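Participant: Okay, here's the structure, questions in a sec.
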């Protein structure tokens, strides 16, 4: 049994059939080859699988592919090349806020969603808003410095 | 200095093992034992084998043509359970199928009958008289433990390490103060964001593995031995790793993946879930008894320690961890007498192995808390007692080993100053909150076995490729190695590319761990680059008619003193007489004298120095880390940002270890908290309000430009500093983690209001 879906993924239309139980994470990585979204905890705690669905961050490990029907999905592959990404990448590089890189896509997509919601540069507020994105390498300080700068900029 | 792989990772384009798809690749799923200790009476795979999409199923009977045991310290681990399971979660069978879903489903259709055996799932149970034996036969030694002759096993104790110096009885008899205690350290999980992932592909009698492994050359060695292949027919390719921290050290999922791929006749990928990685490896939990004796003037006299480390059902790196723990028990102090025994114990739980700063993280908080208690009882300042007793550069740390090569007193003074040592303690506004400060000093023997090679290649356009076996876990190896080569050659760093490790092409490097990469592998890169530079200078000397010693490499060219220069590209072409050819430089690092063994080393001593200020809520037991300081004593910081990131990351891991990380094994051996829903790792909210990472550069390292490594020390020192700070706030603790419940109960015991 499959479900017919029609969605926009990184600006391009997708129409096709998905098994009802297929996770969005697996659909993106295995079906579409968009491997920039990563798998880690599988219980929507760590945030490495974060993608934007209609601009909202979701943990794609706990989201059904079937549920993107009629919606817009943005992954790191779609974000890369945008002005936001260009600016964010420069800031992350300057603060050396990338180590292994496994959490990075999720961090950037969540940051974009926060920017879209008007979150500005209060450091504590940003730390709280980013509580769904874990990192084991950096100790967070450099990422928080980066996000404070990125979200503090006039949009 | 831009990180070489940063933009690739920011764009989501960096390739990790799980991102690779091979044509015809199958997906593997593992059947895990539901019981901790049992004989396997039967396995029936017939129903599973008939399912759609199932290509192959592997059990022990498929290994009968092999000697199917591996293990670099003790060769005690079967590729898949053979006749017996020893921990809940042990692989009993593997399915390879056309999709992950098909493989996962097929696993549930395999029927296994278990004949349960008595369980020894804790140190107490494993050490009890008449304890059930996890391994009935003594294990063969592995090939790469570096521990010398292994002592005889005794019951469930698979390895013991002890040493004794001076007259312990006299030291304690003469002491003005004796502190004693019993301590417990938890099992914690390294939690790299990427779980263990391996792809195996047999082709034309050769085996290629892509794996998230830190030590591809050691893995290659074990795989070759297991499958009876010459080394050069086993190829291990390591893409980017999503963190390692020791969880991916030595051999993990590679034998199982290679075995199922062999049976399937097609490439197979096994990608662990977190719950699977958590029973693939973890940190040793430990019990320890320690005594410290000191004179009235604050001079330390004697220390005794006995520690038992729970290595789980298989040894993995347990013996090395145990020896390092033993060595960490005295701390870097001038003792008259020490006596240490450390034991590595099998239990029916998931195997424990390497995790950043092992041994030091286990013991430093214990010894340092006793030293603080000595100071308190004698009325001596806790920083001052360290000044009096810490070893100084050049002093012996252990007999026959490398003398101390770091200014520990200077380092701890820095760490203390950064948290306001000596300033009046700011009081919390709230009556029920208490604050305290603590510092801690320790050492880690760094470098492991110092054998590394490197190749540097310069093409006719002057571009440079570096081949070195250090794996990129996130620490920035590909950046630092490029900086080293560029520094020697005078090339712009942007023209130097460091390629990922492929054992077919990358020269031998023993391992990525023990803080050794910049110092040992980096030295090999430096020597290889020097090789290439010598060739450039030779050609330039002839063309510019100047002696090589008066030529300088800079800006991608060789310059004479008169303002003339030739670019690298021009020099390569000149050397070969056309627009082609290549300069290839080789660098080699090996022990200068002796065997390079653990006992003769280390390559350098890594300092484990930190300070912490904490606040404890006496009504709830909640501990908050207000500020931390760490010191990276690195000789020369080739990339200061990357050094700081190591200490920041280690600080957060240390906070997790100190305050809330703990794996809970039930009495029946099952791991109860095997997902992030129930195992908490630090998040953004756990950053201390102030985190200061100092870098000390005294040029006293054996690595390139006087460098020493870093990355581990802070993880050992932060929990120790936190424990000491909490004791300073009035709540001394003997058990980690410092959960609110434990701290609150202790407060009740002490009657602190």
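The values are calculated or read from the model by the stated rules, or taken from the named source; none is laboratory data. Just so you know, these numbers come straight off a predicted model, no measurement behind them. Because the Cβ atoms are built from the backbone with ideal geometry, glycine has one as well, and the counts that use them run over all protein chains shown.
Participant: Among what's in the range B:502-519 and is touching a helix residue (DSSP H, G or I) at 6+ places or on another chain (Cβ under 6 Å) and surrounded by fewer than 24 Cβ atoms within 10 Å (Cβ to Cβ), pick the residue that is nearest to the other protein chains (Cβ to nearest Cβ).
Facilitator: Of everything passing the filter in the range B:502-519, B:503 is nearest to the other protein chains (Cβ to nearest Cβ).
Participant: Does the range A:122-154 hold any residues that are part of a loop (DSSP other than H, G, I, E, B) and under 19 Å from the mean Cα position of the chain (by Cα), and which are they?
Facilitator: A:130, A:131, A:132, A:133, A:134, A:135, A:136, A:137, A:138, A:140
Participant: What about residue B:715, is it part of a helix (DSSP H, G or I), in contact with a strand residue (DSSP E or B) (Cβ under 7 Å, 6 or more places away or on another chain) and in contact (Cβ under 8 Å) with a residue 60 or more places away in the chain?
Facilitator: So residue B:715 does not fit the description; no.
Participant: When you go through A:66, A:96 one by one, which is the residue that is at pLDDT 95 or above, in a loop (DSSP other than H, G, I, E, B) and surrounded by 18 or more Cβ atoms within 10 Å (Cβ to Cβ)?
Facilitator: On the way: A:66 fails: in a loop (DSSP other than H, G, I, E, B).
Criteria check complete, one pass: A:96.
Participant: When you look at residue A:32, is it within 27 Å of residue A:115 (Cβ to Cβ) and touching a helix residue (DSSP H, G or I) at 6+ places or on another chain (Cβ under 6 Å), yes or no? Let's see the steps before the verdict.
Facilitator: Numbers: within 27 Å of residue A:115 (Cβ to Cβ): yes; touching a helix residue (DSSP H, G or I) at 6+ places or on another chain (Cβ under 6 Å): no.
For residue A:32, the condition - within 27 Å of residue A:115 (Cβ to Cβ) and touching a helix residue (DSSP H, G or I) at 6+ places or on another chain (Cβ under 6 Å) - is not met.
Participant: Would you say residue A:58 is outside the structural domain of residue A:146 (by TED's automatic domain parsing), crowded, with 16+ Cβ neighbours inside 10 Å and at pLDDT 95 or above?
Facilitator: In short, yes.
Participant: Right, next: Would you confirm, using the coordinates I've provided, whether residue B:241 is surrounded by 24 or more Cβ atoms within 10 Å (Cβ to Cβ), more than 27 Å from residue B:365 (Cβ to Cβ) and within 14 Å of chain A (Cβ to nearest Cβ)?
Facilitator: yes
Participant: Another question, then. For the range B:255-291, enumerate the residues that are in a loop (DSSP other than H, G, I, E, B), surrounded by fewer than 24 Cβ atoms within 10 Å (Cβ to Cβ) and within 14 Å of another protein chain (Cβ to nearest Cβ).
Facilitator: B:272, B:273, listed by residue number.
Participant: Which of the numbered conditions does residue A:108 fail, given that it passes all the others? Conditions: (1) more than 8 Å from every other protein chain (Cβ to nearest Cβ); (2) crowded, with 24+ Cβ neighbours inside 10 Å; (3) within 11 Å of the chain's Cα centre (by Cα); (4) within 25 Å of residue B:649 (Cβ to Cβ).
Facilitator: So the condition that residue A:108 fails would be (1).
Participant: Further, regarding this structure: Looking at B:130, B:61, which one is over 34 Å from the mean Cα position of the chain (by Cα), part of a loop (DSSP other than H, G, I, E, B) and free of Cβ contacts under 8 Å to residues at least 40 places away in the same chain?
Facilitator: B:130
Participant: Right, here's the next one. Please enumerate the residues belonging to the range B:391-445 that are touching a strand residue (DSSP E or B) at 6+ places or on another chain (Cβ under 6 Å), free of Cβ contacts under 8 Å to residues at least 60 places away in the same chain and within 19 Å of residue B:634 (Cβ to Cβ).
Facilitator: Matches in the range B:391-445: B:409 only.
Participant: Can you tell me which residue among B:688, B:682 is under 20 Å from the mean Cα position of the chain (by Cα), more than 29 Å from residue B:601 (Cβ to Cβ), within 11 Å of chain A (Cβ to nearest Cβ) and part of a loop (DSSP other than H, G, I, E, B)?
Facilitator: Among B:688, B:682, only B:682 is under 20 Å from the mean Cα position of the chain (by Cα), more than 29 Å from residue B:601 (Cβ to Cβ), within 11 Å of chain A (Cβ to nearest Cβ) and part of a loop (DSSP other than H, G, I, E, B).
Participant: Please find, among A:21, A:42, the residue that is in a loop (DSSP other than H, G, I, E, B), under 24 Å from residue B:683 (Cα atoms), touching a helix residue (DSSP H, G or I) at 6+ places or on another chain (Cβ under 9 Å) and modelled with pLDDT of 95 or more.
Facilitator: Answer to the check: A:42.
Participant: Can you find, within the range A:121-155, the residue that is farthest from the other protein chains (Cβ to nearest Cβ) among those that are touching a strand residue (DSSP E or B) at 6+ places or on another chain (Cβ under 9 Å) and surrounded by fewer than 23 Cβ atoms within 10 Å (Cβ to Cβ)?
Facilitator: A:132
Participant: Would you check if there is a residue in the range B:589-596 being more than 14 Å from chain A (Cβ to nearest Cβ) and buried (at least 24 other Cβ atoms within 10 Å of the Cβ)? Lay out the reasoning, then the answer.
Facilitator: Restricting attention to the range B:589-596, the residues satisfying the condition of being more than 14 Å from chain A (Cβ to nearest Cβ) are B:589-596.
Going one step further and asking which of them are buried (at least 24 other Cβ atoms within 10 Å of the Cβ), we end up with B:589.
Yes, that holds for at least one residue.
Participant: Quick check, is residue B:641 at the interface with another protein chain (Cβ under 10 Å from one of its Cβ atoms) and either part of a loop (DSSP other than H, G, I, E, B) or surrounded by fewer than 24 Cβ atoms within 10 Å (Cβ to Cβ) (or both)? Steps first, answer last, please.
Facilitator: Working: at the interface with another protein chain (Cβ under 10 Å from one of its Cβ atoms): yes; either part of a loop (DSSP other than H, G, I, E, B) or surrounded by fewer than 24 Cβ atoms within 10 Å (Cβ to Cβ) (or both): yes.
Answer is yes for this residue.
Participant: As an exercise: evaluate residue B:445 against (1) out of contact with any helix residue (DSSP H, G or I) (no Cβ under 6 Å at 6 or more places or on another chain); (2) assigned to a strand (DSSP E or B); (3) under 23 Å from residue B:298 (Cα atoms) and give the number of the one condition it does not meet.
Facilitator: If we test residue B:445 against (1) out of contact with any helix residue (DSSP H, G or I) (no Cβ under 6 Å at 6 or more places or on another chain); (2) assigned to a strand (DSSP E or B); (3) under 23 Å from residue B:298 (Cα atoms), just (3) comes out false.
Participant: Just wondering, is there one or more residues in the range B:477-490 that are part of a loop (DSSP other than H, G, I, E, B), more than 14 Å from every other protein chain (Cβ to nearest Cβ) and under 22 Å from residue B:15 (Cα atoms)? Steps first, answer last, please.
Facilitator: Step one: of the range B:477-490, the residues part of a loop (DSSP other than H, G, I, E, B) are B:490.
Right, trim to more than 14 Å from every other protein chain (Cβ to nearest Cβ) and you get B:490.
Going one step further and asking which of them are under 22 Å from residue B:15 (Cα atoms), we end up with none.
Looking for residues that are part of a loop (DSSP other than H, G, I, E, B), more than 14 Å from every other protein chain (Cβ to nearest Cβ) and under 22 Å from residue B:15 (Cα atoms), one finds none in the range B:477-490, hence no.
Participant: May I pose another question? Residue check: is residue B:730 in contact with a helix residue (DSSP H, G or I) (Cβ under 6 Å, 6 or more places away or on another chain), at positive phi and surrounded by fewer than 24 Cβ atoms within 10 Å (Cβ to Cβ)?
Facilitator: Against the criterion (in contact with a helix residue (DSSP H, G or I) (Cβ under 6 Å, 6 or more places away or on another chain), at positive phi and surrounded by fewer than 24 Cβ atoms within 10 Å (Cβ to Cβ)), residue B:730 does not qualify.
Participant: Answer with yes or no whether residue B:78 is more than 22 Å from residue B:47 (Cβ to Cβ), modelled with pLDDT of 95 or more, out of contact with any helix residue (DSSP H, G or I) (no Cβ under 6 Å at 6 or more places or on another chain) and surrounded by fewer than 19 Cβ atoms within 10 Å (Cβ to Cβ).
Facilitator: For residue B:78, the condition - more than 22 Å from residue B:47 (Cβ to Cβ), modelled with pLDDT of 95 or more, out of contact with any helix residue (DSSP H, G or I) (no Cβ under 6 Å at 6 or more places or on another chain) and surrounded by fewer than 19 Cβ atoms within 10 Å (Cβ to Cβ) - is not met.
Participant: While we're on this one: Out of (1) within 10 Å of chain B (Cβ to nearest Cβ); (2) part of a helix (DSSP H, G or I); (3) within 16 Å of residue A:37 (Cα to Cα), what's the single condition that is false for residue A:48?
Facilitator: Every listed condition holds for residue A:48 apart from (2).
Participant: Here are some residues: A:118, A:101. Which one is touching a strand residue (DSSP E or B) at 6+ places or on another chain (Cβ under 8 Å) and either part of a loop (DSSP other than H, G, I, E, B) or within 8 Å of chain B (Cβ to nearest Cβ) (or both)?
Facilitator: Selected residue: A:101, the only one of A:118, A:101 that is touching a strand residue (DSSP E or B) at 6+ places or on another chain (Cβ under 8 Å) and either part of a loop (DSSP other than H, G, I, E, B) or within 8 Å of chain B (Cβ to nearest Cβ) (or both).
Participant: Identify, from the list B:688, B:702, the residue that is buried (at least 17 other Cβ atoms within 10 Å of the Cβ) and at pLDDT below 95.
Facilitator: B:702
Listed here are the residues, each with its yes/no results for (1) part of a loop (DSSP other than H, G, I, E, B); (2) away from chain A (no Cβ under 14 Å); (3) at negative phi.
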{"residue": "B:22", "(1), (2), (3)": "yes, no, yes"}
{"residue": "B:28", "(1), (2), (3)": "no, yes, yes"}
{"residue": "B:31", "(1), (2), (3)": "no, yes, yes"}
{"residue": "B:43", "(1), (2), (3)": "no, yes, yes"}
{"residue": "B:47", "(1), (2), (3)": "no, yes, yes"}
{"residue": "B:55", "(1), (2), (3)": "no, yes, yes"}
{"residue": "B:66", "(1), (2), (3)": "yes, yes, yes"}
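Participant: Does the range A:58-81 hold any residues that are more than 10 Å from chain B (Cβ to nearest Cβ) and under 26 Å from residue A:141 (Cβ atoms), and which are they?
Facilitator: A:59, the sole residue that qualifies.
Participant: Among the listed residues B:419, B:385, which satisfies the condition of being out of contact with any helix residue (DSSP H, G or I) (no Cβ under 6 Å at 6 or more places or on another chain) and at pLDDT 95 or above?
Facilitator: Selected residue: B:419, the only one of B:419, B:385 that is out of contact with any helix residue (DSSP H, G or I) (no Cβ under 6 Å at 6 or more places or on another chain) and at pLDDT 95 or above.
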